[in-house]
1. Can you report the principal axis dimensions of the range 128-265 using only the alpha carbons, biggest first, rounded to whole angstrom?
2. Let me check I've understood the local charge: for GLY168, count other residues with C-beta under 14 angstrom from its C-beta, Lys and Arg +1, Asp and Glu -1. What total comes out?
3. Return the lysines within reach of LYS352: Cα separation strictly under 24 angstrom, same-chain partners fewer than 8 residues apart disregarded; answer none if there are no such residues.
4. May I ask for the net charge around TYR338, where only other residues with Cβ less than 14 Å from the Cβ of TYR338 are counted and Lys, Arg are +1 while Asp, Glu are -1?
5. In debye to the nearest 20, how big a dipole does the range 272-364 give about its Cα centre with +1 on each Lys and Arg Cβ and -1 on each Asp and Glu Cβ?
6. For LYS226, go through the lysines and keep the ones whose alpha-carbon is under 26 Å away, minus same-chain ones fewer than eight residues off.
7. Under a point spin-label approximation (7 Å from Cα along Cα-to-Cβ), what is the LEU357-SER61 distance to one decimal in nm?
8. How high is the FRET efficiency from ARG222 to THR294, r the C-beta distance, R0 41 Å, rounded to 0.05?
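None of the figures in this text is laboratory data; all of them are computed from the coordinates on show. The model shown is predicted, which means the values in this text are computed figures rather than measured ones. In this analysis, Cβ positions are derived from the backbone assuming ideal geometry, glycine residues included, and neighbour counts consider all displayed protein chains.
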Amino acid sequence: MPRQSKDYYAILGLSRGASQEDIKKAYKKLIKQWHPDLNSDRKKEAEQKFKEIQEAYEVLSDPQKRAMYDRFGYVGEAEYSQTASGNAFEDIFRDFEGFFGRDVFDIFFGERGGRERSTASSRSGEDISITVDIDFRDSLLGTQVPVEYERYETCEHCGGSGSEPGSGYKTCPRCHGTGTIREERRSFFGVFVSTRTCETCGGTGRVVGERCRVCGGSGRIRKRHKTVVNIPPGVENGEKLRIRGEGNAGYAGGRAGDLYVVIRVRASNKFKRKGEDVYTDVTIDYVQAVLGATIQIELPTGGSTMLRIPPGTRPGTTFRLKGEGARSIRGGKRGDLYVIVNVTLSKPKSRKEEELLKELAKIRGIER
C-alpha cells in the first residue's frame with residue numbers, strides 16, 4: 001500500500017521546479033529550525049515537523065523517488081522501509097549530523113549524550129583486476145582458464161591479527177583506550193567539541209603488544225595465487241566477471257576483496273559477432289550460383305552443416321541458420337548464424353568449358 005500523499009514541496013517551502021541545490025538549502029534551514037532539542041517548549045510539534053521535513057527531503061533529493069512522486073503523488077511503501085522502521089529517528093540524526101557535523105551533537109548532548117560510536121579496525125581487502133585471453137570459439141562455448149596472480153593473504157603465523165602470538169595487546173598510547181581523539185575548537189558561538197576515530201588503533205582502543213615477526217603487524221603477506229576461472233558460454237569481448245572473495249585478504253578479520261576478470265576475446269578470421277548473432281562469408285563458383293548447389297558450412301561452435309544454395313543466387317545474398325549463433329551470458333535463446341555468399345568469376349579452364357559457354361551464349365542470344 002502506498003503511503004498517504006503529502007505535498008513534500010510545500011513542506012520544504014519550495015515550488016515543483018526547485019533545483020537540487022534549492023532542496024538541500026531548504027532542508028538544511030528547516031531541519032535546524034525544527035530540531036526537537038531546540039524547541040523544548042513545543043517538542044511534540046517539532047518532532048512531527050522534523051519527521052515530515054526528513055521524509056520530504058528523502059524523496060525530493062533522490063531523482064528516481066522524486067520522478068515517481070511527481071508522476072503519481074506518492075512513493076511506494078517499500079521505498080520507505082527503513083524510515084518506517086524503528087530506526088527512523090536514528091536515520092534522521094545521522095542525516096542531521098551529516099549536514100552540521102558531529103560538533104552539533106556535542107553542543108546539544110555533551111560528549112556522551114549522542115549516539116555512541118563503535119568503530120571496528122577490520123576493513124575489507126582490496127579488489128584485484130586481471131585480464132584473460134580466450135579464443136572466439138571458447139567465448140561461445142564457455143571454458144575454464146587457469147590463472148595465476150599476486151595477492152595479499154591472511155598471515156598464518158598471527159592469524160591476521162598482526163600481533164606476535166602470545167604477546168597480547170596493550171592500551172593505545174594515543175587515545176588511552178577510548179578509540180577516539182577528542183578536539184576542542186573555540187569560535188564566536190562558543191566551544192565546539194569534535195571526536196574522530198583514533199588513527200593509531202583504528203578505533204579499538206588497543207594496539208598489538210608485539211608486531212608479528214612474519215607480516216610486520218599488517219596481518220597479511222603477499223603470495224602468488226593460482227585458481228581456475230570458469231568462463232560462462234556467450235561471454236563477449238571486454239566483459240568483466242566478478243569472483244567474490246578471490247581478491248586481497250581483509251584487515252583484522254575483514255572480508256576479502258573480489259577478483260575481477262576482464263575477458264579479451266581473440267578475433268576470428270572466419271566469424272564476426274554482433275550481439276548474439278554471428279556472421280561469416282562463403283565463396284561459391286559462378287556455376288553453383290547459376291545452377292544451385294548444396295555446400296558445407298563451418299559452424300562457429302565447431303562442426304559443420306549443409307546449406308542449400310538455390311539456382312540464380314546473386315553475390316551478397318545472405319542466408320540465416322537459426323539458433324547457430326552465440327548464447328547470451330544473461331540467458332535466453334541463442335542468436336543466429338548469417339552466411340553471406342560471395343560468387344567468383346573465372347576464365348574457362350578448358351577448351352570444352354569454353355565451347356559450352358559459347359553454346360550457352362548462342363542459346364541466350366548474346367553476341368560476342
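1. Cα spread of the range 128-265 along its principal axes, largest to smallest: 70, 47, 14 Å.
2. Value of the local net charge: +1.
3. LYS362
4. Result for the local shell: +1.
5. Charge dipole, the range 272-364, about its Cα centre: 220 debye, nearest 20.
6. LYS240
7. So the label points at LEU357 and SER61 sit 8.1 nm apart.
8. Efficiency, from the Cβ-Cβ distance: 0.10.
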